[in-house]
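What follows is one structure encoded as structure tokens, with my remarks underneath.
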Amino acid sequence: MARREAFDDMVDTHGRALLRTAFLLTGDAHLAHDLLQTALVKTWTRWPSIRDEDAGPAYVRAVMTTTSVAWWRRRWRGEVPTYDVPEHADRDAYAGVETRDEIARALARLTPRQRAAVVLRFYEDLPETEVAAMLGCSVGTVKSTTSRALATLRAALPIGDPA
């Protein structure tokens, strides 16, 4: 019974300081409580073998350190709780693939000259004069070709629809 009283006294005396250490190890108040409780359970199971009861807080801190490292190694960190709800949901992992496929199909509907004008103007970000030189036509032709190509793409793609 004296052992239990010594353990309880150690927890009563050093509990707040141990909780602060747990918080510094985890950075989260809830995890700190979990870590301290886990460390106290592990310490309690080994308490009969601890010769110097004054070393109890140091033993608990050592257990907290090794336990927090083990938790950190095992934990999946894909989700982190937050107080602020995001304004929009995260994008679907396959939405990008579907969007790229729709764009590729829409580009395939363009004439080769329209496709070249769109790719050179918007993907390569070349000025109209350079596109005209590359395509062997006037700047006005590049403008009209690009305009018709964009109209075709807008009709084919629902991207950017406000509705």
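For the pair Arg51 and Thr141 in one chain, pulling the backbone fully straight at 0.36 nm per residue adds 23.3 nm over the alpha carbon distance. Sorting 17-23, 128-134 by their mean Cβ neighbour count within 10 Å, with the most densely packed peptide first, gives 17-23, 128-134. Peptides 31-38, 6-13 ordered by packing proxy, namely the average of other Cβ atoms within 10 Å per residue, highest first: 31-38, 6-13.
Calculated mean residue ellipticity, 222 nm, the chain: -22500 deg cm²/dmol, from DSSP H runs (n ≥ 4) at -39500 (n - 2.57) each, averaged per residue and rounded to 500. Relative to the dominant Cα principal axis of the chain, helix 139-156 is inclined by about 60°. Only one residue of Thr13, Ala104, Pro57 has its Cα farthest out toward the positive end of the dipole of the chain, where Lys and Arg carry +1 and Asp and Glu -1 on Cβ, and that residue is Ala104.
Working out 0.36 nm times the residue gap between His33 and Leu126, then minus their Cα-Cα distance, what length gain in nm do you get to one decimal?
My answer for the length gained is 27.6 nm.
With respect to the chain, whose longest principal axis is taken over its alpha-carbon atoms, helix 2-26 is tilted by about 20°. Rolling a 1.4 Å probe over the heavy atoms of the protein chains gives the chain an accessible area of 75 Å² per residue. With Cα atoms defining each centre, region 96-163 and region 1-67 are spaced 66 Å apart in the structure. Axis angle, to the nearest 10 degrees, between helix 29-46 and the longest C-alpha principal axis of the chain: 40 degrees. In the chain, the portion of solvent-accessible area held by carbon and sulfur atoms comes to 55 percent [1.4 Å probe, whole percent, DNA, RNA and ligands not counted].
The values are calculated or read from the model by the stated rules, or taken from the named source; none is laboratory data. None of the values given here were measured: they were computed from a predicted structure. As a convention, Cβ positions derive from the backbone with ideal geometry for all residues, glycine included, and neighbour counts pool all protein chains shown. What goes into the accessible areas is simple: the full protein's heavy atoms, side chains included, and nothing from ligands, DNA or RNA. Shrake-Rupley method; radii C 1.70, N 1.55, O 1.52, S 1.80 Å.
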